[in-house]
Amino acid sequence: MQRNEVGPSQAELLDFARRIAEDAPLVASLPLDAQGRTWVRLDGPGGSEAWLIGWPPGTGTGWHDHGGSHGAFATASGVLREDSLAARLPTEGWKTLELAEGVDRSRQLGPGDGRAFGPHHVHEVRNESETEHAISVHAYWPPLPLIRRYSRTGAVLRVEQVERPEDWQ
């Protein structure tokens, strides 16, 4: 699909993620690995990209964005922590930014909890449990064109890597 075609809204993606997170047989079918995240691609609504993801204890994404796609995710089991930035960052044309005070946000998402986000969302998600896996459902529209990965030291955010779909599929 073309990026200018109308796809599912953030609310529709969140509704999908919550419904899939409640599908106990599907969630239970995800193979879990003690060392690294596991994932299975799902058919999202309206041609969106969706994933069922398993998070071993202590794993996370690191800071990243979704290449201009909007999306949503919901926790099926366990607890995930999301740290995000309440600031609209430019998507291109920079390598290092100094963040203003007060832009950090943090939330815990337990089973059934979810959240939607816009195309400029920068965040990191992690399973802080020392003993339990977490499982979540994520959906994006349009399908992810890329993911920018960032490092963060204090208030400084730096672009480190750009991944393309072939890197994770």
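See the values below:
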quantity: Residue that is least open to solvent (accessible area, probe 1.4 Å) [pool: residues in region 20-70 that are of a type in the set (D, E, K, R), more than 19 Å from Arg149 (Cβ to Cβ) and within 17 Å of the chain's Cα centre (by Cα)]; calculated: Arg41
quantity: Segments classed as strands (runs of 3 or more DSSP E), wholly inside region 117-169, with at least 3 members that are under 16 Å from the mean Cα position of the chain (by Cα); calculated: 123-126, 134-141, 147-153
quantity: Test: Val79 is open to solvent by less than 40 Å² (accessible area, probe 1.4 Å), more than 26 Å from Thr153 (Cβ to Cβ) and either of a type in the set (Val, Ile, Thr) or modelled with pLDDT under 95 (or both); calculated: no
quantity: Region 95-108, residues that are in a loop (DSSP other than H, G, I, E, B), open to solvent by less than 70 Å² (accessible area, probe 1.4 Å) and either of a type in the set (Asp, Glu) or in contact with a strand residue (DSSP E or B) (Cβ under 9 Å, 6 or more places away or on another chain) (or both); calculated: Leu99, Val103
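The values are calculated or read from the model by the stated rules, or taken from the named source; none is laboratory data. In this text, all values refer to a predicted model and were calculated from it rather than measured experimentally. All Cβ positions, even for glycine, are placed from backbone atoms using ideal geometry, and neighbour counts span all protein chains on display. For the accessible areas, the whole protein counts, side chains as well, though only heavy atoms, and no ligand, DNA or RNA atoms are used. Shrake-Rupley method; radii C 1.70, N 1.55, O 1.52, S 1.80 Å.
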